[in-house]
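Working notes, structure below.
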């Protein structure tokens with residue numbers, strides 16, 4: 001009996017120990033989740049008064065200063081990144097490059113006082129100034145929780161956030177009261193997280209791959225409405241207008257197919273800029289979609305390296321790629337109509353950004369580079385692209401002196417290649433994962449280091465003014 005009692009005691013002791021270990025493990029996991037998702041004190045909250053309140057004048061945007069909302073000083077540059085937030089975070093990217101970018105794009109995540117300083121980090125580590133983010137909006141709701149979380153993550157490293165608010169329905173189906181609600185929410189995001197935001201609403205609206213694409217009248221109305229609401233509620237969010245580079249516009253689209261309006265409709269007439277009752281490459285790829293300088297704070301464009309070589313790899317480009325008159329990536333174009341930079345940046349004196357950009361190493365299909373040549377091809381392609389951007393913006397004899405930022409597409413994904421009979425290919429745009437590519441990028445960036453804005457160096461006020469610390 002004594003032995004049986006002893007065995008029973010040992011059994012329950014072991015059971016209790018196992019339970020305590022299990023509870024401890026759960027508690028540790030909860031702690032890790034809290035650390036991952038909880039707000040950080042890196043960026044303090046900012047008081048942004050309600051519109052029309054007696055204290056709101058402190059946050060008024062002063063147009064007479066000659067700068068757009070959130071425009072950094074001339075001659076400086078922000079190198080930002082668009083992350084796959086289901087596997088990556090601003091802190092993780094910073095650890096890979098031992099720097100902290102100051103601008104991040106909010107990409108879709110499948111799993112997942114009036115003046116203040118834009119954050120502090122260990123001073124031996126520089127922080128990229130900006131990151132890119134994608135959030136959906138439809139006729140009834142928008143992705144509030146994702147935006148809040150990613151603003152917190154950007155705040156942890158003291159960075160800006162480029163939010164792409166992507167409609168999943170035609171623009172005229174989004175009610176104005178939902179747009180007003182979103183603008184109030186952005187004031188809360190700016191205030192609570194302390195994070196300034198470039199808001200890219202309805203990007204690439206001149207493309208037929210978007211559910212709201214190629215309907216310029218509805219687009220301009222929605223953009224102007226949201227812009228007016230944002231400007232009433234917060235000056236720490238700047239409105240970014242960003243079409244796709246239009247040298248091959250209208251990208252094979254035909255009237256009455258997909259989102260493209262039927263011939264004879266008011267929307268079609270807005271697209272038919274030369275009045276020939278046709279929708280062709282002779283029509284203006286940009287002007288029908290421009291909401292007007294009053295509603296646009298920043299001007300941007302989506303442009304990627306699509307210079308394929310004989311093996312259908314993305315090849316190298318010259319430093320003059322963006323001023324060429326013969327390739328589809330040019331932002332000055334072959335004629336006045338396609339000179340995007342002159343028409344919408346230089347003439348409006350707006351800050352300019354490559355809202356999405358990159359150069360991919362491609363595998364798959366029936367034309368691939370042998371493995372032993374992969375790194376050579378990948379490095380040459382990506383290096384030529386980032387150097388063309390840096391030289392064009394802040395290099396000697398820079399052609400794009402109003403270019404203030406570029407957001408690199410730091411992801412890999414499957415895409416359909418129309419030049420390979422619509423076969424699926426794997427494209428790796430990333431430049432911070434492969435050590436050889438990453439080291440080359442950091443080495444080239446170092447030559448411009450005095451002009452690069454890193455997170456923690458920007459001082460942001462609630463009136464949208466930015467200075468360098």
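What follows is calculated from the coordinates using simple rules that are stated; it is not laboratory data. Keep in mind that what you see is a predicted model, and the values were worked out from it rather than measured. Cβ atoms come from the backbone with ideal geometry, glycine included; neighbour counts cover every protein chain shown.
What FRET efficiency do you get for residue 55 and residue 98 if R0 is 41 Å and r is their Cβ-Cβ distance, rounded to the nearest 0.05? The value I calculate is 0.50. Legend: ranking of residues 451, 99 from fewest to most surrounding C-beta atoms inside 10 Å; resulting order 451, 99. Modelled this way, with points 7 Å down the Cα-to-C-beta line, the labels at residue 228 and residue 325 are 4.3 nm from one another.
Here the gap between residue 176 and residue 421, fully extended at 0.36 nm per residue and compared with their Cα-Cα distance, gives a gain of 84.0 nm. Computed over segment 312-469, the quotient of the alpha carbon radius of gyration and 2.2 N^0.38 Å is 1.16.
Here the label points at residue 335 and residue 401, each 7 Å from Cα along the C-beta direction, are separated by 2.9 nm in the simple model. When a/c is below 1.5 the answer is rounded, else prolate if a/b is larger than b/c, else oblate, so apply that to segment 378-426 with a ≥ b ≥ c taken from the square roots of the Cα gyration tensor eigenvalues. Because a/c hits 1.5 or more and a/b exceeds b/c, segment 378-426 counts as prolate. In this calculation the C-beta distance from residue 446 to residue 277 is compared with R0 = 56 Å, giving a FRET efficiency of 0.55. Separation of segment 282-310 and segment 372-440 by C-alpha centroid, Å? So the two Cα centres are separated by 19 Å.
For segment 177-264, what's the relative contact order in percent, using C-alpha pairs closer than 8 Å and at least 6 residues apart? Result for segment 177-264 is 38 percent.
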